[in-house]
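**Q** Sharing a structure, written as structure tokens. Questions coming.
The values are calculated or read from the model by the stated rules, or taken from the named source; none is laboratory data. Please read all numbers here as calculations on a predicted model, not as lab measurements. Quick reminder, even Gly has a Cβ in these numbers, built from the backbone with ideal geometry, and neighbours come from all protein chains shown. Surface areas here come from the heavy atoms of the whole protein model, side chains and all, with no ligands, DNA or RNA. Shrake-Rupley method; radii C 1.70, N 1.55, O 1.52, S 1.80 Å.
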2 protein chains.
Amino acid sequence: MPEYKAPLREIKFVTDEVLDMPAHYASLPAFADVATPDMVDAIVTEGAKFCENVIAPLNKVGDQEGCTRHEDGTVTTPTGFKAAYQQFVEAGWPSMTHNEKFGGQGLPESLGIVMSEMVGTANWSWGMYPGLSHGAMNTITRWGSEEQKETYLHNLVSGEWTGTMCLTEPACGSDLGILKTKAEPNADGSYAISGTKIFISAGEHDMSGNIIHIVLARLPGAPEGTKGISLFIVPKYVVNEDGSLQGERNDLICGSIEHKMGIHGNSTCVMNFDGAKGWLIGEENKGLNCMFTFMNTARIGTALQGVAAAEGSFQGALTYARDRLAMRSLTGAKFPEKAADPIIVHPDVRKMLLTQKAFAEGGRALVYLTSKQNDIVHHGETEEERKAADDMLGFLTPIAKAFLTEVGLESANHGVQVYGGHGFIAEWGMEQIVRDTRISTLYEGTTGIQALDLLGRKVLMTQGGALKNFTKLMHTFCKEEADNEELAPFVTKLTEMNKEWGDLTMKVGMTAMKDRNEVGSASVDYLMYSGYVTLAYIWAKMAKVAQTALSNGTSEEDFYKAKLTTARFYFARILPRTNFHAESMVAGADTLMDLAEEHFQF
Amino acid sequence: MPEYKAPLREIKFVTDEVLDMPAHYASLPAFADVATPDMVDAIVTEGAKFCENVIAPLNKVGDQEGCTRHEDGTVTTPTGFKAAYQQFVEAGWPSMTHNEKFGGQGLPESLGIVMSEMVGTANWSWGMYPGLSHGAMNTITRWGSEEQKETYLHNLVSGEWTGTMCLTEPACGSDLGILKTKAEPNADGSYAISGTKIFISAGEHDMSGNIIHIVLARLPGAPEGTKGISLFIVPKYVVNEDGSLQGERNDLICGSIEHKMGIHGNSTCVMNFDGAKGWLIGEENKGLNCMFTFMNTARIGTALQGVAAAEGSFQGALTYARDRLAMRSLTGAKFPEKAADPIIVHPDVRKMLLTQKAFAEGGRALVYLTSKQNDIVHHGETEEERKAADDMLGFLTPIAKAFLTEVGLESANHGVQVYGGHGFIAEWGMEQIVRDTRISTLYEGTTGIQALDLLGRKVLMTQGGALKNFTKLMHTFCKEEADNEELAPFVTKLTEMNKEWGDLTMKVGMTAMKDRNEVGSASVDYLMYSGYVTLAYIWAKMAKVAQTALSNGTSEEDFYKAKLTTARFYFARILPRTNFHAESMVAGADTLMDLAEEHFQF
């Protein structure tokens, strides 16, 4: 069972050297005084200790024990989960990125993301409890009335209470327009919420004193479809205005815990609302719009699961590949004194390790870059800056979410494969990563949904504008490095891809004008293509940073050389996957639509 | 939870129309009288009923209950497994392909494969019990003395006893050369076997009266490495010459059952041999050669797991895609009377379904084609025929095993993805297929091992001869259809790929002469490339059969049109993956070897 080690040097490489976050924080008045380099270092170092020492050791326990629902609908989390959460609260972690007015520390989301990465890699199931709470807090902060904020936020920010997001129902997931949960007005201005919500992460548990559910429901006579959905706060225990509990339990209960492939440590609940008291947040019938405001944040959080799967499985596989002996190197024994060579000498084992490494390190940089936009959207000084960052955020989010979770799942499977038969055995920890991360391409919008969002809404609806904003960055980088001989292979390839990306977009856009199915036919290939190219840009940037460090002289020569080698690996062995996606995306919707529905048979 | 339906029409399409198995059986004296069309039909029809009605309903039970080891080392299989096995034995299924001399029915292996496919898709874990027994029987049939055959085969063939293959040890899997289990000669001509074997499928269970273990071990003073391994028969209960049991248990015991990601219904055991009585089979120190004779058969069986995963997940996903409502078709509502359209209208959902379908149907044809060679190897009339079939078998086996299990795993993941969040929930059955089939790329030689076998042993060591034998078939097909306008897109592409496959092989071969690591660097890409091209040939052949049926007039127009449409889909949306593998395989071993072992860090 591999121990998690927070990759602090790797994190610092991205935050300080690739993305220059210290300058970014200094430039934003909201963070200049709080997110100082010393403070950031202290937070990351302390966070790493918590993740390594407190929650990583609970990862296997959580998987094996799962959560237990009792007859009265209460739920017990796995051994150690509650105590770890208490430590987390005592150390003030829940309040990190929240408003100082409600007890928060006012630190940037992008710093929260660093902590979330470490928490998620150490123990994804555990991390979902504070993770969902974070989403609920963000929703109340943005859409709640001043009274609602006063009533709920203090205890949520401190971590004494937690929160959830209740969207999905048995017959509706991706298509929230058909949801059925009802909200009937009560005489006192509250609403009676009735309906069944499923897949509610952290829906019921024993960690916190109250659970604040954010629930999507329909008002009587609301328009059909997505335009008739409103958003409600529905607490497990009804709260007085001063934040104290009324004591009686609200009319909602966990009906059962889902039997899942993975993330057993998280309490994924069927929640039955039976006239539960709730309060409207935001305007009537604007609930879905309110939700979408925070979709990007939630989706960046899910993108992290891809990074976590790649990093966690890389750490496990690398440890094993150094230890396990099997056969000799194809070029002759490398360790003749041993019964056989460690399997890290074999090219294909290295291919799997390098793939995990390239996705983990490149993925981290992509998520941090995306989250950096989020800081600017909320705290940028000018409207123009905020707008530009919002466009970039909207463009990068579906790529980060869908692409990184897909390659995270691939990486986790490589982890199993490096272990051979042992990868299939629970004790070694590799198969759990596959099971846990399998959910990541499904929730918060499947890969298919993200792909339609990227190609349909973000790219085609902006006439390619959002894409151009990004490819401009690539273009600038390539121009700046045009005379850099060592980087020439990267720059030449990136320049080609930049053009091809635009050409393919144009081609898909043209056919889509004649047949809307062309969008759906191309979308997932387009998304994966975009992901590989985006990561190529990031790896080229990282290669540039490494090259600069090496030419300036450094005591960490090996570290920077490994970056250059990994970048070369990525360009030679991973990036050619775009060849396939480029051909497939323009093959035509008829390849998918020609077979009549009734002729699909078995 | 999807019900398994044996795809009888699909099976008949491959056996009768694509591979012309009736003519094949008629041409082999061993089978002409037994494997008549009527007999084959009756067997497949009866087999289908057994799989659908008896073992498919136990698939979920097996997963949930798993196997239970008791303190005395005995193991209880999941509820219903034993009774189903009794029905299987009573109906005579274990004896199907075995020698009539020992009570077998003398039917072809390729017909056994059809039954194995249905058994495996219905309930893979259950199918492993008779599956392993089959391997043990084949080993004794080929290498046992006449006495040993008399002693063991009657009860194995009837199914009263079962068998296992005990190869792997804690420190050795792929590299059997380092195994440690010892065989010390006893005075009575038997051997005392001592050591620990792991991952022993069906190692201990409650289904049969005795378990005959085939065990790899070392004699005292045996040469190191693979040249010092011998093969032993080690029964759970020692057997008298007449086949009756001596009563006392041999000195071997199941030490524990592995905690696995999937195939919970199979009893995967750690087996401790503590001076157990065993008898040498075959010559001293030739055990590994004996094993390799049967590797091909075992590997074809494992290739079936890929087909089973694709077929099973396709059946489940198709059923769900017709039922589940979400959003409207991009071209406007297709079912305006419903709250939303069924998700089968969405192009990307169809892409996943068509991918599963293309792999299931193409994979089935590839496995049956491979198994057809196996019939000829053992029963062909001339030495020349047998040799040619053996070469073809050796070439196709690593492709079928590794490629089909990889795309089977992919297909199973598409099954989960089509179900969205529900795919992650146990009740729907999709996640079990992913967990069960995850082992298939690991056991019987990992994908990496198969790839080295294909590129190193089968292709480069024959100077490309084995490849040429196969590409000659493709070439002949393309020449025959050169003037066939409707097939022109397939034929043109196949002709190109035929040339490219040869060119790439030459290129890899040349670099490998300078650096052996080039073989390992290219091997997995080479294998996947070969798999996609092989399946393209098969889909082109199936398209040809469909075209002929349509032009001759048929009452099953939809069936054959679906074949043509699926072939077009495969060529347009799957085959372009070769673009990636072609570029990656010749990118050079330095892309993998440049990073010094100690510079892999986290």
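**Q** Regarding segment A:322-341, can at least one residue be identified that is closer than 30 Å to A:Trp124 by Cβ, within 8 Å of another protein chain (Cβ to nearest Cβ) and open to solvent by less than 10 Å² (accessible area, probe 1.4 Å)?
**A** Checking segment A:322-341: not a single residue is closer than 30 Å to A:Trp124 by Cβ, within 8 Å of another protein chain (Cβ to nearest Cβ) and open to solvent by less than 10 Å² (accessible area, probe 1.4 Å).
**Q** Return the only residue of B:Gly221, B:Gly209, B:Gly203, B:Gly247 being touching a Cys at 6+ places or on another chain (Cβ under 6 Å), of a type in the set (Gly, Ala, Ser) and either under 30 Å from A:Lys60 (Cβ atoms) or surrounded by fewer than 17 Cβ atoms within 10 Å (Cβ to Cβ) (or both).
**A** Of the residues listed, the single one that is touching a Cys at 6+ places or on another chain (Cβ under 6 Å), of a type in the set (Gly, Ala, Ser) and either under 30 Å from A:Lys60 (Cβ atoms) or surrounded by fewer than 17 Cβ atoms within 10 Å (Cβ to Cβ) (or both) is B:Gly203.
**Q** Looking only at segment B:107-127, count how many residues are within 18 Å of B:Tyr368 (Cα to Cα) and assigned to a loop (DSSP other than H, G, I, E, B).
**A** Number satisfying all stated conditions: 2.
**Q** For segment A:446-548, list the helices (runs of 4 or more DSSP H) that sit wholly inside it and hold at least 3 residues that are small (Gly, Ala, Ser); which are they?
**A** Result: A:488-514.
**Q** From the list B:Glu518, B:Glu583, exactly one residue is open to solvent by less than 50 Å² (accessible area, probe 1.4 Å), touching a helix residue (DSSP H, G or I) at 6+ places or on another chain (Cβ under 9 Å) and at the interface with chain A (Cβ under 9 Å from one of its Cβ atoms). Which is it?
**A** Testing whether each residue is open to solvent by less than 50 Å² (accessible area, probe 1.4 Å), touching a helix residue (DSSP H, G or I) at 6+ places or on another chain (Cβ under 9 Å) and at the interface with chain A (Cβ under 9 Å from one of its Cβ atoms) leaves just B:Glu518.
**Q** Restricting the search to segment B:342-380, which residues are open to solvent by 20 Å² or more (accessible area, probe 1.4 Å) and either away from every other protein chain (no Cβ under 14 Å) or not in a helix (DSSP H, G or I) (or both)?
**A** B:His346, B:Leu369, B:Lys372, B:Gln373, B:Ile376, B:Val377, B:His378, B:His379
**Q** Filter segment A:277-297 down to the residues that are in a helix (DSSP H, G or I) and open to solvent by 40 Å² or more (accessible area, probe 1.4 Å) and list them by number.
**A** Passing the criteria: A:Asn289, A:Phe292, A:Thr293.
**Q** Let me ask something else about it. Can you confirm whether segment B:532-552 contains a residue that is closer than 17 Å to B:Lys357 by Cα, within 13 Å of another protein chain (Cβ to nearest Cβ) and open to solvent by 40 Å² or more (accessible area, probe 1.4 Å)?
**A** Looking for residues that are closer than 17 Å to B:Lys357 by Cα, within 13 Å of another protein chain (Cβ to nearest Cβ) and open to solvent by 40 Å² or more (accessible area, probe 1.4 Å), one finds none in segment B:532-552, hence no.
**Q** Of the residues B:Gly282, B:Gly287, only one is at positive phi and over 21 Å from the mean Cα position of the chain (by Cα); which?
**A** It is B:Gly282.
**Q** Starting from residues that are within 11 Å of another protein chain (Cβ to nearest Cβ) and among the β-branched types (Val, Ile, Thr), keep the ones in segment B:441-478 and report whichever is nearest to the chain's Cα centre (by Cα).
**A** Only one residue fits best here, namely B:Thr441.
**Q** Separate question: Please work out if A:Glu100 is modelled with pLDDT of 95 or more, under 17 Å from the mean Cα position of the chain (by Cα) and open to solvent by 30 Å² or more (accessible area, probe 1.4 Å).
**A** Criteria not met by A:Glu100.
**Q** For segment B:259-274, give me each residue that is open to solvent by 30 Å² or more (accessible area, probe 1.4 Å) and either in contact with a Phe, Trp or Tyr (Cβ under 7 Å, 6 or more places away or on another chain) or outside any loop (DSSP other than H, G, I, E, B) (or both).
**A** Within segment B:259-274, B:Asn272, B:Asp274 qualify.
**Q** More than 18 Å from the chain's Cα centre (by Cα) and open to solvent by 10 Å² or more (accessible area, probe 1.4 Å): does that describe A:Arg435?
**A** No.
**Q** Among the candidates B:Arg324, B:Arg328, which residue alone is out of contact with any strand residue (DSSP E or B) (no Cβ under 8 Å at 6 or more places or on another chain), of a type in the set (Lys, Arg) and over 19 Å from B:Glu444 (Cβ atoms)?
**A** The conditions single out B:Arg328.
**Q** Also, quick follow-up: Any residue in segment B:297-316 that is in contact with a strand residue (DSSP E or B) (Cβ under 6 Å, 6 or more places away or on another chain) and of a type outside the set (Val, Ile, Thr)?
**A** The answer is no, given that none of the residues of segment B:297-316 is in contact with a strand residue (DSSP E or B) (Cβ under 6 Å, 6 or more places away or on another chain) and of a type outside the set (Val, Ile, Thr).
**Q** Identify, by number, the condition in (1) of a type outside the set (Ser, Thr, Tyr); (2) open to solvent by 10 Å² or more (accessible area, probe 1.4 Å); (3) more than 22 Å from the chain's Cα centre (by Cα) that B:Leu153 doesn't meet.
**A** Only one criterion is unmet by B:Leu153, namely (2).
**Q** What about B:Phe88, is it within 30 Å of B:Ser208 (Cβ to Cβ), open to solvent by less than 30 Å² (accessible area, probe 1.4 Å) and hydrophobic (A, V, I, L, M, F, W, C)?
**A** yes
**Q** Now for a separate question. Residue by residue through segment B:474-510, note down the ones that are farther than 19 Å from B:Val545 by Cα and touching a Ser or Thr at 6+ places or on another chain (Cβ under 6 Å).
**A** Selection gives B:Asn498 alone.
**Q** If you don't mind, another one. What single numbered condition from (1) part of a strand (DSSP E or B); (2) of a type outside the set (Phe, Trp, Tyr); (3) free of Cβ contacts under 8 Å to residues at least 24 places away in the same chain fails to hold for A:Gly163?
**A** The number of the failed condition is (3).
**Q** Is it true that B:Ala572 is among the small types (Gly, Ala, Ser), over 20 Å from B:Gly448 (Cβ atoms) and modelled with pLDDT under 95?
**A** no
**Q** Being open to solvent by less than 10 Å² (accessible area, probe 1.4 Å) and out of contact with any Cys (no Cβ under 8 Å at 6 or more places or on another chain) is the filter here, so list the residues in segment B:129-143 that pass it.
**A** Within segment B:129-143, B:Tyr129, B:Ser133, B:Ala136, B:Met137, B:Ile140 qualify.
**Q** Mind checking which residues of segment B:144-189 are within 14 Å of chain A (Cβ to nearest Cβ) and among the small types (Gly, Ala, Ser)?
**A** B:Ala171, B:Gly173, B:Ser174, B:Gly177
**Q** Next question, about the same structure. Look through segment B:37-58, keep the residues that are crowded, with 17+ Cβ neighbours inside 10 Å and farther than 16 Å from B:Gln87 by Cβ, and return whichever of them is farthest from the chain's Cα centre (by Cα).
**A** Taking the candidates together, the pick is B:Val40.
**Q** Something else: With respect to A:Asp390, determine if the residue is charged (D, E, K, R), open to solvent by less than 20 Å² (accessible area, probe 1.4 Å) and part of a helix (DSSP H, G or I).
**A** Criteria not met by A:Asp390.
**Q** Out of (1) over 22 Å from A:Lys401 (Cα atoms); (2) crowded, with 22+ Cβ neighbours inside 10 Å; (3) small (Gly, Ala, Ser), the odd one out for A:Gly509 is which?
**A** (2)
**Q** Would you check which residues across segment A:506-537 are of a type in the set (A, V, I, L, M) and out of contact with any His (no Cβ under 8 Å at 6 or more places or on another chain) and list them?
**A** Hits for segment A:506-537 are A:Met506, A:Val508, A:Met510, A:Ala512, A:Met513, A:Val519, A:Ala522, A:Val524, A:Leu527, A:Val533, A:Leu535, A:Ala536.
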